[in-house]
1. In nanometres, what is the gap between the two model label sites at S284 and L162, each 7 Å from Cα along Cα-to-Cβ?
2. Order 215-224, 131-140, 279-288, 241-250 from most to least packed using the mean count of other Cβ atoms within 10 Å.
3. Evaluate E = 1/(1 + (r/R0)^6) for A310 and D146, where r is the Cβ-Cβ distance and R0 equals 30 Å; express this FRET efficiency to the nearest 0.05.
4. If the cut-off is a Cα-Cα distance under 16 Å, which lysines reach K173, setting aside same-chain residues fewer than 8 apart in sequence?
5. Mean separation of Cα pairs under 8 Å and 6+ residues apart, divided by the residue count of the chain: what relative contact order is that in percent?
6. Mind telling me which of A163, A260, A237 comes out most flexible in a GNM of the chain, alpha-carbon contacts under 10 Å?
7. I need the peptides 165-171, 2-8, 112-118, 227-233 ranked by packing, meaning the mean over residues of other C-beta atoms within 10 angstrom, with the highest value on top.
8. Let me check I've understood the local charge: for S3, count other residues with C-beta under 10 angstrom from its C-beta, Lys and Arg +1, Asp and Glu -1. What total comes out?
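Just so it is clear, none of the values below were taken in a lab; they were calculated from the coordinates. This one's a predicted model, so the numbers in the text were calculated from it and none came from an experiment. Note that we place each Cβ from the backbone using ideal geometry, even for glycine, and neighbour counts take in every protein chain shown.
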Amino acid sequence: MPSILITGGHSGIGLAAARELAARHVDLVLGGRDAARMRPVADELSARHGVSVTTLTVDVASLASVRAAAARWRTMRASGAVPELDAIVCNAGGRFDGDVSYSPDGYETTFATNCLGHFLLVELLFPVLSERGRVVYTASGTHDPDSTDGRLVGTAVEPDALALATNGKGGGKALSAGRRYSTSKLCTVMYAYELDRRLRAARSEVASIAFDPGSVPETGFLRDLPGPVRWASRTAAMKWVSRRMGVVTSDVGFSGASLAALAAGPDYAGVSGTYFQAHDGTLSAVPSARLSYDARRAARLWDDSKRLVALTDDEEPPQLRSPRLRSRQLRSAATDDA
Ligand SMILES: NC(=O)c1ccc[n+]([C@@H]2O[C@H](COP(=O)([O-])OP(=O)(O)OC[C@H]3O[C@@H](n4cnc5c(N)ncnc54)[C@H](OP(=O)(O)O)[C@@H]3O)[C@@H](O)[C@H]2O)c1
C-alpha cells in the first residue's frame, strides 16, 4: 500500500485530504504538534478504511522539533518499522493575525511555520521518499499580488528569506499579518518550483507540485479573527459576494479531495513544476504570480533558507543541491582522488 505523510492532516483541508486518501487505501502519517488531537483522527481513519495511520509529532514552527521528528522517522525507516514515503504533503500552516510574533528560533512565526519548517522537513525526509515520490505544497492564491485574493489579503512583498525571518525586529516596521501570509505563500510556490528545477537537473523522478485550495472559510484558517467575522465568512451571502469580487472560492471537501489527487492520483504523475488551483469544483493547472517564476530569486530563497535552518552542505541530499554546489563537490572529489 502507498504511504503518505501529511502535515496538518487532522483538521481542515488536510483532514479532508486524509479522509480521501484513506478511502483510496493509502496508509497515512499525520504530522502535527499535538498528538492528542491527531490520535482520534488516526483511530477513526484506520477503523473505517482498514489502513495504517501513524502519528508523527512535529511543530513545524520549531527547527529542533522538525529535526527530532525527521530523525525519529528515519530511524524507524532504517529498522524497517515503517515503509518509504510515496509523498510528503506540506500542508500545515496558517495566517497569524495580531502583533508580529516569533518562533522558538527567533524567526517571524508565519515565515517559520509556512516556510522554514517544511523546507527543513523536505530536506531531511527526502532520503526516505520513494524514487518516484511526490512533494506537494499547499500554497494559496493570495501569493499573487495581481489577483483579487492577493489584493484583499495584502500584496506579497519581495521573497527575501533573511528579511522575512527577521521582519519587525530591530525597530523595523512589521508587515501586516495579511502580507506576512501572502508572502509566505509566494515563497512556498517558489520552493516548489526550485525543488522541481533541482530534481530535473539531478535527473530525479520525484515530482514537486504547488496547490492553491481556494478560499475555504469552513476550516480553522480564520481562527485568529473575531467570531462574527468567522461566522460571516461562512455564510452563503458572503460566498456569493466573494465570487462576484473574483475571489477563488472552494469548499473543504473538494479542496481536500484535490490535494489527495495531487499527492496520489495517477492523473497527476508527471506534472512536476506545476501550480494547481481548486476553484468551485474544478482542479486545474493555472499560472502563478509573475515573480514566482524568477529562478534567480528562488535559488537565493533556497540558499538563504538553508542558512536560516542551519542545514549543512553534507546534510543536503545530493539531488537537492544546487548545480553550483554539486560541481564544486565533484571538483574537490576529483582533487582528492588525484
Ligand atoms: N482555508 C483557506 O481559505 C485556505 C486558503 C488558501 C490556503 N490555505 C492553506 O491550507 C492549509 C491548511 O489550512 P486549513 O484551511 O485547513 O486551516 P486549519 O484547519 O487551521 O489547518 C491548519 C493545520 O496546520 C496545523 N499547524 C499550524 N501550525 C502548525 C505548527 N506550528 N506545527 C504543526 N502543525 C501546525 C494546524 O494544527 P493545530 O491543530 O495544531 O493548530 C492544522 O492542522 C494551510 O497551509 C493554509 O495556509 C487555506
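1. My value for the distance between the label points is 4.2 nm.
2. Values: 215-224: 18.4, 131-140: 23.5, 279-288: 15.0, 241-250: 16.5.
Result, highest mean first: 131-140, 215-224, 241-250, 279-288.
3. On the way: r = 35 Å, r/R0 = 1.17.
After rounding, the FRET efficiency stands at 0.30.
4. Partners found: none.
5. Working: 647 pairs, mean separation 63.1, N = 338.
19 percent.
6. Of A163, A260, A237, the most mobile in the Gaussian network model is A237.
7. Working: 165-171: 14.4, 2-8: 24.7, 112-118: 27.3, 227-233: 12.4.
Taking the mean over residues of other Cβ atoms within 10 Å, the ranking is 112-118, 2-8, 165-171, 227-233.
8. Numbers: positive: none; negative: D27, E84, D86.
For residues surrounding S3, the net value is -3.
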